[in-house]
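Visitor: My questions will all concern the structure given below.
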């Protein structure tokens with residue numbers, strides 16, 4: 001009995017070591033999201049291409065869709081863009097959120113690289129950004145037909161990330177929406 | 001040698017002092033004006049306690065990233081709207097998750113963090129108490145009870161007094 005107690009520090013070290021070892025692989029930039037499971041925040045902002053048009057969550061039209069936060073100053077957005085284009089071609093509805101940007105620059109950018117967005121929310125001061133808890137572009141939100149945020153990705157969504165994090169959930173949400 | 005080292009040490013100190021002063025000078029955030037000056041201390045306090053989501057080891061007061069600037073403006077706006085400190089923290093927590101609070105609330109994920117220091121101090125105290133008791137007990141036993149029997153003592157003396165045989 002007494003001899004066994006001698007192993008307690010060893011066991012503790014082992015436990016701590018295991019815990020720390022598995023924490024190593026975690027990405028410290030991967031913050032927990034406060035929004036998953038919550039409704040997409042209300043907003044009323046101008047459309048990027050049509051300044052006279054106000055857009056809001058009503059324009060989501062009860063569709064399962066992605067909201068992609070991007071900006072022309074965001075380098076990773078360039079890397080991400082081709083995959084968004086190809087998703088849009090496959091029929092995935094994507095709404096753009098142009099975040100803290102200039103209208104003209106953003107319009108030119110989409111002209112040049114293709115516009116995968118069904119419409120683009122223009123948020124030059126980042127007000128919707130704060131409501132979403134955006135802390136860096138690109139970010140992508142998967143919103144279900146009820147307008148609930150179901151998944152959030154901070155960083156680039158490319159084919160690998162799509163297949164790992166989005167595809168199955170997206171398909172499931174679309175199936176659910178169609179069943180109703 | 002010595003003379004060449006000394007001035008450079010002085011220089012080092014100066015540079016160090018400069019860096020120290022300039023870094024605190026840089027930590028001062030943008031010029032803000034309040035409708036009511038009594039909001040300013042609360043503003044400063046909140047910036048100290050809120051974490052920049054993008055630059056994880058800095059608070060909003062220290063960080064000059066774009067998101068921190070936005071959040072500072074947001075905190076100011078909310079203060080002007082007469083929200084309490086708790087309401088402002090909740091507002092940001094609902095958007096940026098609990099991560100934004102440098103002083104996390106006690107809940108299922110953080111209770112261990114909060115309890116660990118107390119638990120460790122109590123545990124350490126108990127262990128120390130036990131050890132010192134055991135030692136005391138050992139000491140008193142040593143005084144009362146002969147460690148070796150007479151027979152053992154005799155054998156020991158014999159061994160110690162016997163001439164060296166060079167067995168080692």
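The values are calculated or read from the model by the stated rules, or taken from the named source; none is laboratory data. This is a predicted model, so every value here is computed, not measured. Glycine also receives a Cβ, built like all others from the backbone with ideal geometry; neighbour counts cover every protein chain displayed.
Visitor: Could you grab me the full set of residues in the range A:90-107 that are touching a residue at least 24 places away in the same chain (Cβ under 8 Å) and more than 14 Å from chain B (Cβ to nearest Cβ)? Walk me through it before giving the result.
Guide: Looking only at the range A:90-107, we keep the residues that are touching a residue at least 24 places away in the same chain (Cβ under 8 Å), and these are A:92-103, A:105-107.
Within the range A:90-107, A:92, A:93, A:94, A:95, A:96, A:97, A:98, A:102, A:103, A:105, A:106, A:107 qualify.
Visitor: Name the residue, out of B:80, B:74, that is away from chain A (no Cβ under 13 Å) and touching a helix residue (DSSP H, G or I) at 6+ places or on another chain (Cβ under 8 Å). Reasoning before the result, please.
Guide: On the way: B:74 fails: away from chain A (no Cβ under 13 Å).
One residue alone meets the criteria, B:80.
Visitor: Residues that are modelled with pLDDT of 90 or more and closer than 18 Å to residue A:130 by Cα, at least 2 per element: which helices (runs of 4 or more DSSP H) completely within the range B:1-95 meet that?
Guide: Once the helices (runs of 4 or more DSSP H) in the range B:1-95 are filtered for at least 2 residues that are modelled with pLDDT of 90 or more and closer than 18 Å to residue A:130 by Cα, what remains is B:39-49, B:66-80.
Visitor: Return yes or no: is residue B:98 in contact with a helix residue (DSSP H, G or I) (Cβ under 8 Å, 6 or more places away or on another chain), at pLDDT below 90 and within 30 Å of residue B:61 (Cβ to Cβ)?
Guide: On the way: in contact with a helix residue (DSSP H, G or I) (Cβ under 8 Å, 6 or more places away or on another chain): no; at pLDDT below 90: yes; within 30 Å of residue B:61 (Cβ to Cβ): yes.
No.
For (1) crowded, with 17+ Cβ neighbours inside 10 Å; (2) in a helix (DSSP H, G or I); (3) away from every other protein chain (no Cβ under 14 Å), each residue gets a yes or a no:
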{"residue": "A:117", "(1), (2), (3)": "yes, no, yes"}
{"residue": "A:121", "(1), (2), (3)": "yes, no, yes"}
{"residue": "A:152", "(1), (2), (3)": "yes, no, no"}
{"residue": "A:164", "(1), (2), (3)": "no, yes, yes"}
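Visitor: Taking the range A:123-133 on its own, how many of its residues are assigned to a loop (DSSP other than H, G, I, E, B) and more than 9 Å from chain B (Cβ to nearest Cβ)? If you could, list the steps in order and put the result at the bottom.
Guide: Here is the first cut: in the range A:123-133, the ones assigned to a loop (DSSP other than H, G, I, E, B) are A:124-126, A:133.
In the following step, the residues that additionally are more than 9 Å from chain B (Cβ to nearest Cβ) were identified as A:124.
Of the residues in the range A:123-133, 1 are assigned to a loop (DSSP other than H, G, I, E, B) and more than 9 Å from chain B (Cβ to nearest Cβ).
Visitor: Looking for whichever is at pLDDT below 95 and under 14 Å from the mean Cα position of the chain (by Cα) here; the options are A:138, A:124. Which one fits?
Guide: Exactly one of A:138, A:124 is at pLDDT below 95 and under 14 Å from the mean Cα position of the chain (by Cα), namely A:138.
Visitor: Separate question: Of the residues in the range B:83-95, how many are more than 10 Å from every other protein chain (Cβ to nearest Cβ), in contact with a helix residue (DSSP H, G or I) (Cβ under 8 Å, 6 or more places away or on another chain) and free of Cβ contacts under 8 Å to residues at least 40 places away in the same chain? Please lay out each step first, then the result.
Guide: Taking the range B:83-95 and keeping what is more than 10 Å from every other protein chain (Cβ to nearest Cβ), we get B:83-90.
So of that shortlist, the ones also in contact with a helix residue (DSSP H, G or I) (Cβ under 8 Å, 6 or more places away or on another chain) come out as B:83, B:85, B:87-89.
Then drop every residue that is not free of Cβ contacts under 8 Å to residues at least 40 places away in the same chain, which leaves B:83, B:87.
Of the residues in that region, 2 qualify.
Visitor: For the subset of the range B:34-58 comprising residues that are touching a helix residue (DSSP H, G or I) at 6+ places or on another chain (Cβ under 7 Å) and within 14 Å of chain A (Cβ to nearest Cβ), which member is nearest to residue A:71 (Cα to Cα)?
Guide: By that ranking, first place goes to B:54.
Visitor: Does residue A:136 qualify as being farther than 16 Å from residue A:37 by Cα and either in a loop (DSSP other than H, G, I, E, B) or touching a helix residue (DSSP H, G or I) at 6+ places or on another chain (Cβ under 6 Å) (or both)? Quick ask: steps written out before the conclusion?
Guide: Details: farther than 16 Å from residue A:37 by Cα: yes; either in a loop (DSSP other than H, G, I, E, B) or touching a helix residue (DSSP H, G or I) at 6+ places or on another chain (Cβ under 6 Å) (or both): yes.
So residue A:136 fits the description; yes.
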